[in-house]
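K.L.:
Below: one structure in structure tokens.
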Amino acid sequence: MAIEPIVSSVPEVQNEVVTPIIPEIPKPVLTNLNPTGTKVSALSLASIKAKKELEAQQQTVQRHKEELPSESFNETDMLLQWNKFAQKMVDSGKRLMATYMQMNDPTLNGTKITLELPNQSTKEEFLSGSIELLGYLRGKLHNHDITIEVVVNETTENKYAFTPQEKFERLKQINPALDLLRKTFDLDV
């Protein structure tokens, strides 16, 4: 009788090195401005010709203004998209832009959106991030005639209350029921 080897049902463990799959990043394609392949001086006639050809190619890619959508929309639609974009800014961590957008409700006059901001520095900060907002609004409202105008209103002054009477008057402006509370309980200011 022959002895047969015992075969276990436990699979063998092989040491494998797992290499992450890294997608290949395509290298940028450099367009040759000179069709002959020779180097061209930046100040030569050939470079000017090549530059004009490149500009002509880029213009064919861009749509004409008549081809862009220009559907009508109302202020409610605009405010809805405005607030959605502000929430998107908060979610992505750009709280400053969202704060500027929510300082005042913008007004709509035709396709011009007007936003009032308190000073020049907030206006400049807002305008630096408004390109993304403008693209978003144009896409969502299907109107590429939309423009954003920022108006600076520096006449708003902060009046500070220093005395208890001034503080009470300020709070009374916010909530008139405080005066009734003061009279009901015969409180001093």
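K.L.:
Starting from the amide H of ILE113, placed 1.01 Å from N in the peptide plane, find each other amide H under 5 Å away whose residue is 5 or more places distant or on another chain.
P.N.:
Amide H to amide H, under 5 Å and 5 or more residues apart or across chains, ILE113 pairs with THR147, ILE148, GLU149.
K.L.:
Can you classify the stretch 73-168 as rounded, prolate or oblate using the Cα gyration tensor, where a ≥ b ≥ c are the square roots of its eigenvalues, rounded means a/c under 1.5, and otherwise it's prolate if a/b beats b/c and oblate if not?
P.N.:
Verdict is prolate for the stretch 73-168.
K.L.:
What's the center-to-center distance, using Cα atoms, between the stretch 169-189 and the stretch 87-146 in Å?
P.N.:
Between the Cα centres of the stretch 169-189 and the stretch 87-146 lies a distance of 39 Å.
K.L.:
Just the accessible area per residue of the stretch 123-186, please: how many Å² with a 1.4 Å probe?
P.N.:
75
K.L.:
Further question: So which trypsin sites (Lys or Arg not before Pro) in the stretch 104-189 pass both tests, a DSSP loop state and at most 10 other Cβ atoms within 10 Å of the Cβ?
P.N.:
Passing sites in the stretch 104-189 are LYS159.
K.L.:
Tell me the GluC sites (Glu not before Pro) within the stretch 78-157 that lie in a loop according to DSSP and have at most 12 other beta-carbon atoms within 10 Å.
P.N.:
The qualifying sites are GLU154, GLU157.
K.L.:
Starting from the stretch 110-189, pick out the chymotrypsin sites (Phe, Trp or Tyr not before Pro) whose DSSP state is loop and whose Cβ has at most 12 other Cβ atoms within 10 Å. All intermediate terms of the calculation are to be shown ahead of the outcome.
P.N.:
Details: sites: PHE126, TYR136, TYR160, PHE162, PHE168, PHE185; in loops: TYR160, PHE162, PHE185.
Sparse-neighbourhood loop chymotrypsin sites (Phe, Trp or Tyr not before Pro): TYR160, PHE162, PHE185.
The values are calculated or read from the model by the stated rules, or taken from the named source; none is laboratory data. Computed from a predicted model, the values in this text were never measured in an experiment. Don't worry about glycine lacking a Cβ; one is built from the backbone with ideal geometry, like all the others, and counts go over all protein chains shown. Protein only, heavy atoms only, side chains kept; ligands, DNA and RNA dropped before computing areas. Shrake-Rupley method; radii C 1.70, N 1.55, O 1.52, S 1.80 Å.
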